[in-house]
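Data first, discussion second: the structure below is written as structure tokens.
The values are calculated or read from the model by the stated rules, or taken from the named source; none is laboratory data. Bear in mind the structure is a predicted one, so any value in this text is a computation, not a measurement. Cβ coordinates were reconstructed from backbone atoms using ideal geometry, including for glycine residues, and neighbour counts include every protein chain displayed. When the accessible area is computed, the model is the full protein with side chains, heavy atoms only, and any ligands, DNA or RNA have been set aside. Shrake-Rupley method; radii C 1.70, N 1.55, O 1.52, S 1.80 Å.
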Amino acid sequence: MFGTYEKYNLVRCSFARCGSNTYIAEDFYRQGLLRLGNNWTGISLNISDFMFDIRLLINGAPAKYTYFADEGSLKLDARGAELEFALTDRSHFRVRGRGAGLRLELRSASGKGARACRGLYALADGSGWEGDFANFGKLFFRAISGNFSVSTVFDDDKNEYSLVRIDFMPDAITGEFEAAVHDYRDHILPYGEYEDFDKLVSDNRADFARFSEIYRNPAPGYEELAKYARWVVWSHRTKAIGCFKEPQILFQNAWSCSAAPWQQSYNAMAMLSDPAEAWRMICVVFSNQDPRTGRVPGFMSYANPATSGLQPAFQGFALDFLFRTIGDSFISESEAERMYPKLAAWANYWTTYHSAGFGDDVLALHSTHESGWDDSSLFQDGFPAVDPCAMAFQILLMEVIARLAQKSSSYRQEHDGWMTRAKKLLDTLISEYWDGEKFIAKVNGKPVDSLSLANFQPIMLGKRLPPEIIDKVAEKLTAEGQWLTEIGLASESMLSERATFGVSFVCGRVAGPQNMILTVGLQAAGKQKEAEMIARRFCDHAAREGIILGYAPYNIYKANGKTADQQIPPIATDGWTWSSWSANCVLTMLTEVIAK
Amino acid sequence: MDIKPVMSLFGFGHRRTRHIIIDREGELWLKLAPAPQGGFLPMGATPLPGTLRVEPLEDGKVEPFSYSASESLLKLVTDSGKTAEFTVDGDARALRIKGNAPIRLNGVSSASFVTTSKTETGVLISAGTTRYFIAAKKGSIVFDDTYILNKFRSVTPVLDVFPDEGEFELCAFDIAEDMPLPAITNTFEECASENGAEFKAFVDSLVDIPSEYGDVKERIAYPIWLCHRDLGRGAEVIVTNKYDSVMSGSRLMSIASMAFKDAKTAIGMLLAYPVELPPIAGIAAARLIEENMLCDSRGEIYKVYAALEAAASKCVKERTADREGLCFNAYRFESGLKRSPEFFKVGEPVITPDLNAYHVILCEVLGKLANMEYDMGAGKKWEARSKVLMSKVIAELWDGDDFIGKNAYTGDASKPDELLSLMPVILGKRLPREIILKLAAKINPQVTDSAMGLLLAGGLFDAGEEDAAKSIARTALEEVRDNGIGCPFHGASLLALAHKVLM
């Protein structure tokens, strides 16, 4: 899947595994050098002090290597000498060498040497060495066969380590070694027995294959892309440890290694062959719900709980899609009973704390992050901003809550009330926030003059919208050179002076989540041809360029002919690295939007 | 009490809130104490000393000023004689500001991802975990909340406040998300008065020291009082500096516990964190026993026992080569020092005299606690272990002149560490007289000038060298009188020592 001679390498993506905290990425500045880190703290790879250079040793000397990685393992090769890494979901990874040794040398990404290490010592029982890396946790190095040496230098003047190097060396007779490296916070975690290495690799493949079964088959011709996308999601799945009481899907493994609440619902949308898992993904974030207000808080990582912030109420859109696609039988009466109050509290949170103040359910946002679109020009006039996207999400959420009420035993009488509220909000959205060409945001009652793609997001309401609105949205989104580019829908019209492809997210780039929302919406509205055309453009480009979050569609700005800003890599921005968010959007488009 | 000497180190604030006003090169900055936040965006990151700089204005220009500060009130006076006063409303979690000088609260440059909005009722400045809602009880506010889309933030917050009929009054709330604004029930003067009374009561809750050092006790008490951090659910810890640090931990809280009279407070501090190395919790628990502060009916004996037992078990299972002998430190930070101990020059892991001295006391205390719980079998076991370790500490780590460290595997002996080699003095009269005298000769006010260092003086006292201990305590108290205190834990340790040896 990834490798020196493969279509994709590990510069933009990191090698990882479901349930493992370890990742391995190729160094952007020293291509050909793989680096090992972990995502306990959520600190990005470009500033983390906890990064190990991976060196392949031949007769004790580092040698240049090539590599190949798939869902089973990562292999390094240098003139026939070989290293192989296999990650596990049991808080350790294994490595073996044939004719080669392995050197792990700690080198901070931000030029601070080996300062992440607070100590490294041999255990009294001779089983191996333990290293303490402060917030990054501990590592326990064990040689299963072969030899092992540790070199450290402590700089007394700087009061930190200047060298931390662990070498695993092959046995002089067999020419092979095998090792395990455990990672944990305080005490080594139970890991069972060390299985045969080849079995471990094959078990990893089997685990990925099992995970893949929760997705439907992609449209013909997209099998390879779908596999990559599934792999990205699988490799970003956390284990239930630390702040994660249940597995969630991290946004990225090596950059913004946090789990975003609304992204769990994005992931759910693609899991059409396992509705129970889809439902679990949607519900999991409610374990952090504020019991007082109903707010579902924002990002969390292994080390940091979800406490502050919030993201859009995406759950309604996700469930509406699932109901339309696979029905609602996956929600039992007891589940409806359990989740109705939580979702109701969430919906009421929005209308209580984000009310536009009109005495109804119209919502206003107080920051861009609440919309999920951090730099959308919808918000160029400031706050509080009445956002049509937030209202569209709210309408769908209310309808979903009504359906849950109906399926429950205790809340059936609430059904009509929610449907009435949803209908009323829909009528308000259409009558007051549609200007004939697009939906609009308002600040202080005044329309925001924006050419953001987000203006069309309420198409997610599908056939709830009048035909003339549906037709107009479809017309706008398929007109070449405005939002539609050769590679999908740009987040800001190409005719907008605001459009930028530099350090930006949704102010010009072609971003996966918006393309997914809009194509799903067009499909729901009966515009299958348009939806499919756009989805194919985006997915074809993802197949060429990889599963990154946003792409610059051109080298110049169409509005003024100027050369487009370029992001200076590597920086932890959405446009540069592979992400599970883009992967799940690709999967939804491949398996459902694009006709089979 | 005049807190101006510590305004650039700790700042002006209140135990129960996150508000801090810090002095940086004569400028006053408003800041909220750090709090953990999730996510990956560096919300609120800024290299500036605080969120908003206080700038009194005259004819639209910033006017020079001077200020005075006590634990309850900060008063700023401009060159033209106008004033602005600051106090904290603990109930409302607000910084109250009033005066007759027009004031600018200036963000200077924008923190990362800051968003602001102006409403009819006030101004919200939100930057990560810093969320101010600033409302005028009297006077008017001028504020620009333009959002800069391509920079992911609002313009730099600059808030101008103008008096109305010669006076303004502001409330700067530390407001959590989705919380309604607390009601303001006290006047500014009532808040200041209450804060003064609260601080005085806090001073009285600390252990008694000779009355001639009452002023010193207050100076020490202020950072301890200020640097409390609310963990929620009624739990509080003390941090090294509320302004910019959340550092705390078992070792530090054990030391702090010894400065408090109230048993419940002291026990709560001792148990605030799982006991880690170095297990100073044993010394803190010994103090609780000596002063009859453990009451069986509240299950406290068991709680303390369980916490200490976990630490002792870790020492035995994970920090001995054979589960029988002396313990080693695997990592430098386990010594409790920021610097690397001299012992580690022979390579880790290192059997150290300080860790084993703590462990002797830990085991002895566990024995006493077990006996108090009528578990005589466990009591005997711990007492026996304590005695065995005591013998081994002397036999294996005393080289005739100093306590040294040894590599746990090779036995290579290190040179002595200037502080940690003296730590076995905490064993008091358990040590032979000749060892005590040799240690005592090296224990002086310079060596003891830290939170952990002062434990040495307590040990001297227990070893019978009472005059030396008293001298160190008095010297340290005089030092604080002259130069202030730089760390709340150092202060707590000094109060505990002074109480132990001077009362």
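Values for this structure:
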quantity	calculated
Cα centre as origin, Lys/Arg/Asp/Glu Cβ charges: segment B:4-182 dipole, Debye	540
Whichever lysines have a C-alpha closer than 18 Å to that of B:LYS380, once near sequence neighbours (fewer than 8 apart) are set aside	B:LYS368
Rg/Rh ratio calculated on Cα atoms of segment A:213-350 (Kirkwood radius)	0.97
Relative contact order, percent, segment B:199-502 [alpha-carbon distance under 8 Å, six or more residues apart]	20
Largest-first principal axis extents, alpha carbons of segment B:191-326, Å	59, 35, 32
Coordinate range along principal axes, alpha carbons of segment A:2-206, Å, largest first	44, 39, 34
Segment A:27-97: C-alpha pair distances exceeding 22 Å, %	27
About the Cα centre, charge dipole magnitude for the protein assembly as shown (Lys/Arg +1, Asp/Glu -1 at Cβ), debye	1540
Accessible surface of B:LYS82 - all protein chains present, 1.4 Å probe, nearest 10 Å²	70
Computed E for A:ASN59/B:LYS387 - FRET, C-beta separation, R0 45 angstrom, nearest 0.05	0.25
Extension gain (nm, one decimal) between A:ALA172 and A:ARG30, 0.36 nm per residue minus Cα-Cα	48.0 nm
Convex hull of segment B:62-104 built on C-alpha atoms - directionally averaged projected area, nm²	3.2
Between helix A:333-353 and chain A: long-axis angle, C-alpha atoms, 0 to 90°, nearest 10	70
Accessible carbon and sulfur surface of the protein assembly as shown relative to its total accessible area, %, 1.4 Å	49
Lysines whose Cα lies under 16 Å from that of B:LYS264, excluding same-chain neighbours fewer than 8 positions away	B:LYS303
Rg(Cα)/(2.2 N^0.38 Å) for segment B:199-502, N = residue count	0.95
The protein assembly as shown: radius of gyration and largest Cα-Cα distance (Dmax), Å	32.1, 99
Segment B:215-281 - Kirkwood radius from inverse mean 1/r over Cα pairs (Å)	12.3
Contour excess over end-to-end distance, with Cα ends at B:CYS295 and B:LYS151 and 0.36 nm allotted per residue	45.9 nm
FRET efficiency, 1/(1 + (r/R0)^6) with R0 45 Å, evaluated for A:GLU432 and B:ALA45 via beta carbons	0.70
Efficiency of FRET between A:ASN147 and A:LEU123 - r from beta-carbon atoms, R0 22 angstrom, step 0.05	0.85
Listed residues B:PHE162, B:THR121, A:PHE299: farthest to the positive end of the dipole of the protein assembly as shown (Cβ charges)	A:PHE299
Pairwise centroid distance, computed over Cα atoms, of segment A:472-491 with segment B:170-192, Å	50
Heavy-atom SASA rank of B:ASP482, A:ASP387, A:ASP471 (probe 1.4 Å, accessible area, largest first)	B:ASP482, A:ASP471, A:ASP387
Pair B:THR187, B:LYS380: separation of 7 Å Cα→Cβ label points (nm)	7.1
Principal axes of chain A: Cα extent on each, largest first, Å	79, 60, 52
Out-of-range pairs (alpha-carbon distance over 30 Å; input B:LYS200/B:LYS429; A:LYS463/B:LYS118; A:LYS75/B:LYS345; B:LYS338/B:LYS470; B:LYS98/B:LYS242; A:LYS138/B:LYS406)	B:LYS200/B:LYS429; A:LYS463/B:LYS118; A:LYS75/B:LYS345
Computed over segment A:133-225, Kirkwood Rh from alpha-carbon pairs, angstrom	17.4
Dipole axis of segment A:402-461 (+1 Lys, Arg; -1 Asp, Glu on Cβ), positive-most option in A:VAL443, A:PHE456, A:GLN406	A:GLN406
Rounded tilt (10° steps) of A:315-326 against the dominant C-alpha axis of chain A	90
Full-stretch length increase - A:SER410, A:GLU497 - with 0.36 nm per residue and alpha-carbon distance subtracted	26.0 nm
Centre separation in Å (Cα based) which lies between segment B:382-432 and segment B:1-41	42
Alpha carbon convex hull of segment B:4-182, volume per residue in cubic angstrom	122
Protection proxy ranking of B:289-298, A:448-457 - average other beta-carbon atoms within 10 Å, highest first	A:448-457, B:289-298
Note, ³J(HN,Hα) from phi for segment B:331-339, Karplus 6.51, -1.76, 1.60, rounded to Hz, x at Gly and Pro	10, 4, 5, 5, 7, x, 9, 6, 7
Assigned charges on the beta-carbon of Lys, Arg, Asp, Glu; segment B:199-502 dipole about Cα centre (debye)	520
Positive-end residue of A:SER287, A:VAL362, A:ALA336, charge dipole of segment A:249-378 with Cβ unit charges	A:SER287
Distance between segment B:114-163 and segment B:86-112 - C-alpha centres, whole angstrom	12
Estimated distance in nm for a label pair at A:ARG292 and A:PHE330, the labels positioned 7 Å out from Cα along Cα-to-Cβ	3.5
Length-normalised contact order for chain A - Cα pairs under 8 Å, 6+ apart - percent	11
Hz values of 3J(HN,Hα) by residue in segment B:427-439 - Karplus curve (6.51, -1.76, 1.60), Gly and Pro given as x	6, x, 6, 5, 7, x, 4, 5, 6, 4, 5, 5, 5
Degrees separating the helix B:214-226 axis from the principal Cα axis of chain B, which is the longest one	70
Under 12 Å from A:LYS407, Cα to Cα: aspartates and glutamates that are on another chain or at least 8 residues apart	A:ASP328, A:GLU333, A:GLU335, A:GLU337
